[in-house]
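Contents: one structure, followed by commentary.
The values are calculated or read from the model by the stated rules, or taken from the named source; none is laboratory data. Just so it is clear, the model here is predicted, and its values are computed rather than measured. Using ideal geometry, Cβ is built from the backbone for each residue, glycine included, and neighbour counts are taken over all protein chains shown. Each accessible area value is taken on the protein alone, full model and side chains, heavy atoms only, with ligands, DNA and RNA left out. Shrake-Rupley method; radii C 1.70, N 1.55, O 1.52, S 1.80 Å.
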Amino acid sequence: MSPCDPMSKQEVLAAHKDERYDMRFPSYLGFWKRSVPGLDEQPRFDLFDEPHWKRKQQILNDHPEIADLYGYDTNTIWITSATVCVQMGLAYLFGQILTDWNWTMVLVAYVVGGSFSTQIGIIFHEFTHNLCAATTLQNRWVGNIANIPLLVPLAQSFRRYHLEHHTYQGVYGYDPDLPLEWELRLIGNDPIKKFFWLIIYGVMYIGRGLAMQKQLSRWELYNWAWSIACDVVIYRFCGLRGIIYLVISVLLGFGLHPGAAHFIQEHFTFRDGQETYSYYGSGNYFWLNIGYHNEHHDFPLVPWTKLPEIKRIAPEYYDNLAYHTSWFAVLYMFITSSLLAPQSRVVRTLDAHRYARKNLKVPSPTEMKDLSSEKADFVARIKKAADMAMEKSRAHRFISAE
């Protein structure tokens, strides 16, 4: 069963009948209730488009000065260079000098190598949005250089699929960030399975992109050639043990590591109606403010150094959103809580996304005042429709189980 079976295109149109404005204003939180493992077996279905594009317009109406934050920060290039040099230095150290320090190598690979590997993933995030340098070509090469210690050609594929994630957030079959159906079935709500699922989460992230079966782009092919050439050089100077150190760093870093907890923090639903979450903790100092995820999705053209400024300028849009303060707590909650599982996401059909994006406008401040009384009636009606869809899905599950 597809997560989007509970509501057809006709039902989506009926739910939005006679509506011209997106009544989620001003926060653009949804009207859905989160998927509950045990009662539900699929992610929750939403009737609207992803919220960030419209919330950006809403915020800019009140705070146009945020647009002044758009641009790039070349400091990321220096951070990239330092990160690659540290990882290459450690690969040489364990590959050619400390050749019998096996468990020390594993420990360093987790604490240091894993941290730098996840930081490279965040550098990918920056170059993807052209936030490291002035031109797209320069940004692509920042990504290729950052890719060196990861050994596998990931930079250009990440760029491709991450941009699709922004365009189609939560759209079933189009957002590569969503868990695959077999992941939902296999992992379920078993704490042990969730624990091991987090360990291989980095591998799954790549697998979801491959599952879309898209032909490699020209830049992805360049990335393959570049990575193979770099791997040969690394093997020549660092030896097999140096390669092993880098492999362990990647596997541990993108697995059960605090630097990878943002994969769970960002879009797994911890609260009804909210599908994106920020993290405001000390990890942002090392991991380039990756925790400011609501701010990033609202304004993807703002570099990491200026994301906190968005929250400072427009606190009324962010202070009332749920957020995290500990990545360790995120991992612990996900593994141990019976209310969280791979299904704890919100999804939407392409029809629902496109219809709401095209036909439901962002109201102006004057229109919001005029719509205030109408909004209460709409919210009651749309929540009733969402609840009916939820009950329909649950009834289908229990009937199928008998």
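If G170 passes every condition in (1) open to solvent by 50 Å² or more (accessible area, probe 1.4 Å); (2) in contact with a strand residue (DSSP E or B) (Cβ under 7 Å, 6 or more places away or on another chain) but one, which one does it miss?
In the conditions (1) open to solvent by 50 Å² or more (accessible area, probe 1.4 Å); (2) in contact with a strand residue (DSSP E or B) (Cβ under 7 Å, 6 or more places away or on another chain), G170 misses (1) alone.
Taking only pairs six or more apart or across chains, which ones have beta-carbon atoms under 8 Å, a first residue in segment 222-243 that is surrounded by 13 or more Cβ atoms within 10 Å (Cβ to Cβ), and a second residue that is among the charged types (D, E, K, R)?
Qualifying pairs under 8 Å: I243/D231.
Just a yes or no: is a residue in segment 365-386 under 19 Å from R34 (Cβ atoms) and either hydroxyl-bearing (S, T, Y) or free of Cβ contacts under 8 Å to residues at least 40 places away in the same chain (or both)?
For segment 365-386, residues under 19 Å from R34 (Cβ atoms) and either hydroxyl-bearing (S, T, Y) or free of Cβ contacts under 8 Å to residues at least 40 places away in the same chain (or both): present.
Taking the conditions exactly as written (modelled with pLDDT of 95 or more and either buried (at least 20 other Cβ atoms within 10 Å of the Cβ) or small (G, A, S) (or both)), does L331 satisfy them or not?
Judged against the criteria, L331 is a match.
Any idea how many residues of segment 199-233 are over 14 Å from P153 (Cβ atoms) and either among the hydrophobic types (A, V, I, L, M, F, W, C) or not in a helix (DSSP H, G or I) (or both)?
10
Among (1) polar (S, T, N, Q); (2) assigned to a loop (DSSP other than H, G, I, E, B); (3) touching a helix residue (DSSP H, G or I) at 6+ places or on another chain (Cβ under 8 Å); (4) open to solvent by less than 10 Å² (accessible area, probe 1.4 Å), which single condition is Q42 missing?
(4)
Residues in segment 77-84: is at least one surrounded by fewer than 20 Cβ atoms within 10 Å (Cβ to Cβ), farther than 30 Å from V250 by Cβ and either at pLDDT 95 or above or not charged (D, E, K, R) (or both)?
Within segment 77-84 (the criterion being surrounded by fewer than 20 Cβ atoms within 10 Å (Cβ to Cβ), farther than 30 Å from V250 by Cβ and either at pLDDT 95 or above or not charged (D, E, K, R) (or both)), the answer is no, since none of the residues qualifies.
Scan segment 359-399 for residues that are surrounded by fewer than 11 Cβ atoms within 10 Å (Cβ to Cβ) and β-branched (V, I, T) and jot them down.
T366, I399
Condition test on L339, is it within 24 Å of L47 (Cβ to Cβ) and either part of a loop (DSSP other than H, G, I, E, B) or open to solvent by 20 Å² or more (accessible area, probe 1.4 Å) (or both)? Working first, answer last.
Numbers: within 24 Å of L47 (Cβ to Cβ): yes; either part of a loop (DSSP other than H, G, I, E, B) or open to solvent by 20 Å² or more (accessible area, probe 1.4 Å) (or both): yes.
The answer is yes for L339.
Does E316 qualify as being open to solvent by less than 80 Å² (accessible area, probe 1.4 Å), acidic (D, E), over 19 Å from W32 (Cα atoms) and at pLDDT 95 or above? Spell out the reasoning first.
Details: open to solvent by less than 80 Å² (accessible area, probe 1.4 Å): no; acidic (D, E): yes; over 19 Å from W32 (Cα atoms): yes; at pLDDT 95 or above: yes.
Answer is no for this residue.
Quick one: count up the residues across segment 92-107 that are open to solvent by 80 Å² or more (accessible area, probe 1.4 Å), within 12 Å of L240 (Cα to Cα) and not in a helix (DSSP H, G or I).
Counting residues in segment 92-107 that are open to solvent by 80 Å² or more (accessible area, probe 1.4 Å), within 12 Å of L240 (Cα to Cα) and not in a helix (DSSP H, G or I) gives 0.
Restricting attention to segment 108-125, and to residues there that are of a type in the set (S, T, Y) and surrounded by fewer than 24 Cβ atoms within 10 Å (Cβ to Cβ), which single residue is nearest to L252 (Cα to Cα)? Steps first, please.
Quick first cut of segment 108-125, residues of a type in the set (S, T, Y) only: 110, 115, 117-118.
Pick out the ones that are also surrounded by fewer than 24 Cβ atoms within 10 Å (Cβ to Cβ) and you get 110, 115.
Numbers: Y110: 6, S115: 9 Å.
Per the criteria, the residue is Y110.
Please work out which one of (1) over 13 Å from the mean Cα position of the chain (by Cα); (2) crowded, with 21+ Cβ neighbours inside 10 Å; (3) within 23 Å of T74 (Cβ to Cβ) is the condition F158 fails and give its number.
(1)
If you scan segment 268-278, which residues turn out to be open to solvent by less than 10 Å² (accessible area, probe 1.4 Å) and touching a Gly at 6+ places or on another chain (Cβ under 8 Å)? Step through it out loud before you land on a result.
Our first condition is that a residue be open to solvent by less than 10 Å² (accessible area, probe 1.4 Å); within segment 268-278, this holds for 268-269, 273-274, 276-278.
Matches in segment 268-278: G273, Q274, S278.
For the structure I just gave you, tell me whether T128 is open to solvent by 20 Å² or more (accessible area, probe 1.4 Å), of a type in the set (V, I, T) and more than 30 Å from L240 (Cα to Cα).
Considered against the rule, which asks whether it is open to solvent by 20 Å² or more (accessible area, probe 1.4 Å), of a type in the set (V, I, T) and more than 30 Å from L240 (Cα to Cα), T128 comes out as no.
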